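Take a look at the structure below.
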Amino acid sequence: MSDLSRLHFTSSRPLTLGVELELQLVSLRDYDLTRAATDLLGGLRYDDRFGEIKLEITESMIEVNSRPRQDVTAIAADLDGLRQVLVDHCQRNNIAICGGGTHAFHHWPERRISPGERFAFLNERYGYLSKQFTVFGQHIHIGVPSGDDAIWLTHALNLHVPHFVALSAASPFLDATDTGFESARLNAVSAFPLSGQAPDIADWAGFLDHMALLQSCGVAESIKDLYWDVRPKPEYGTVEVRVCDTPLTVDRATELAAFAQCLARYLLRERPPLAPAMQALVARYNKFQACRFGFAAELADPVRRCKTPLAEALPALLDQLCGDADDLGCRRQLDRLRALAGSHQGDAAWLRQTYRATGNLHDLTRAAAEQFARPSSYCSPT
C-alpha cells in the first residue's frame, strides 16, 4: 500500500488533452458481446503510434488511450488511428468493435473477468458488480500545472456534469429493454461506494489529507478506487472527466474532448465563484435528471434556489465558449455540439430510431458497429 499522503502532483502543460474510450467487442455471428480481449491483444501487432490499446475489467471490453495532445486535431488523428487498427485486426478475427455506453442485450453473468492483479482485486472486493461493470465510457483528461489547480478545476467541472452526460448519452438499452434513460450506463457506476461528486476539499493538501483518511480506514488503497465523476489524476498532471458514455463515433468523442478543453479554458480564466458544499446537495439529482431525460432535464440550482432547463443552459454555455473554441482551433467541433444541443438528436435518439427501423437489437448492434467503423470526418484521407 502506497503512502498517499506524500503523493506528488506532476505538473503538465495547461489544457493538454487525453482521451480514453472503452469499447465493445461483439461477435459477427449474432452481435452479442464476445469474450475475446486477451486473445485479441495477444495477436495484435501495433507500435503504439496513436496511443495504447489494453484490457479492461471483462474480456468483452477493450480500452484505447490517445497520446497526450495539445489540440483536438491531434486527438482526432489518434482516435481515428486507433479505430482503424482495431477495426482491421478485429475483422480478421470475426469480431466487430462497437461504441455506445451499454451493450443492448448481453447477459452480465456470462462475462469473464480479465487477467491481472487489479481486475482480480476489483472482482474480490465488488463481487457481481464487477461483471455488471461491463459498461463503456469516455474519459477526458485535461492538463493543469498544479495540484491546487486540479482540485479547483475538479469542483468547477462538477457543475457541468449534466452537460457532459446529455451530450454523450448513448445507453438507452440494457438487458434487452429500453430503460427509458438516455444514459443507463451511469447507474452501474453509481453502485460503487466511492462514486459521485468529489467532497468539498479546498486544495491539494486537503486532498492528500482526505486520501490518507480513506487509506487509514481501509476504504481506498489508491486514487483508482475513487469513482468520482471528475477526479484529479496526479501521475498524469490532469483532471479527468469520467461521466461520458462512449459515443457511437470517434467524431463525437473528438467533439466532447473539444468541449472539455474549451470549458476548462473558460473556467480557469474566469474563475467563477464555487460552492461545492451546496452543489453536493443537488449533484446526484442533477446527474439523474441528465441520465434519465438528457436534453429535457431540469437542473436544480441551490445558490439561486430555482430550477433551470438544461435545454436552455447548455446552448447558452456553448455560446459562451465560442471565443475559446476559436482560440483553441476547435470551433468546428463546438459548432457540431451546438447543433446537437439544438436538435436533441444525440446517440441515444439514434439508437432508439435505429431499433424501430430494424426491429431487433441484434441488427441495432450491427448498425452501431458500422457507425464506429466509419473514418473520422476530422481527419484527412490517407
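Data table
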| quantity | calculated |
| --- | --- |
| Residue within segment 306-326 that is buried (at least 20 other Cβ atoms within 10 Å of the Cβ) and touching a Ser or Thr at 6+ places or on another chain (Cβ under 9 Å) present | no |
| Flag if ALA367 is open to solvent by less than 40 Å² (accessible area, probe 1.4 Å) and modelled with pLDDT of 95 or more | yes |
| Segment 352-382: number of residues that are closer than 26 Å to ARG332 by Cβ, part of a helix (DSSP H, G or I) and free of Cβ contacts under 8 Å to residues at least 12 places away in the same chain | 2 |
| Strands (runs of 3 or more DSSP E) (entirely within segment 214-333) containing at least 2 residues that are in contact (Cβ under 8 Å) with a residue 12 or more places away in the chain and in contact with a strand residue (DSSP E or B) (Cβ under 9 Å, 6 or more places away or on another chain) | 230-233, 238-245, 298-301 |
| Flag if ASP335 is open to solvent by 50 Å² or more (accessible area, probe 1.4 Å) and more than 22 Å from the chain's Cα centre (by Cα) | no |
| Condition check for GLN345: surrounded by fewer than 18 Cβ atoms within 10 Å (Cβ to Cβ) and part of a loop (DSSP other than H, G, I, E, B) | yes |
| Filter result (part of a strand (DSSP E or B) and more than 18 Å from the chain's Cα centre (by Cα)) within segment 67-113 | ILE95, ALA96, ILE113 |
| Residue identified as polar (S, T, N, Q), touching a strand residue (DSSP E or B) at 6+ places or on another chain (Cβ under 9 Å) and more than 25 Å from LEU226 (Cα to Cα) among ASN158, ASN123, ASN94 | ASN94 |
| Selection from segment 37-78 of residues that are within 19 Å of GLN333 (Cβ to Cβ) and either open to solvent by 40 Å² or more (accessible area, probe 1.4 Å) or at pLDDT below 95 (or both) | PHE50, ARG67, PRO68, ARG69, GLN70, ASP71, THR73, ALA77 |
| Counted residues, segment 74-117 - those being charged (D, E, K, R), in contact (Cβ under 8 Å) with a residue 60 or more places away in the chain and within 21 Å of VAL19 (Cβ to Cβ) | 2 |
| Flag if GLY116 is open to solvent by 20 Å² or more (accessible area, probe 1.4 Å), closer than 21 Å to PHE288 by Cβ and out of contact with any strand residue (DSSP E or B) (no Cβ under 6 Å at 6 or more places or on another chain) | no |
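Every residue, every condition in (1) modelled with pLDDT of 95 or more; (2) among the charged types (D, E, K, R); (3) open to solvent by 40 Å² or more (accessible area, probe 1.4 Å); (4) farther than 30 Å from GLN353 by Cβ, yes or no:
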residue	(1), (2), (3), (4)
SER168	yes, no, no, no
SER171	yes, no, no, no
ASP178	yes, yes, yes, no
TRP228	yes, no, no, yes
PRO232	yes, no, no, yes
VAL241	yes, no, no, no
VAL250	yes, no, no, no
LEU256	yes, no, no, no
ALA260	yes, no, no, no
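The values are calculated or read from the model by the stated rules, or taken from the named source; none is laboratory data. Note that the structure is a prediction, hence the values are computed from the model and not measured. Glycine also receives a Cβ, built like all others from the backbone with ideal geometry; neighbour counts cover every protein chain displayed. Heads up: the accessible areas ignore ligands, DNA and RNA and are worked out on the full protein's heavy atoms, side chains in. Shrake-Rupley method; radii C 1.70, N 1.55, O 1.52, S 1.80 Å.
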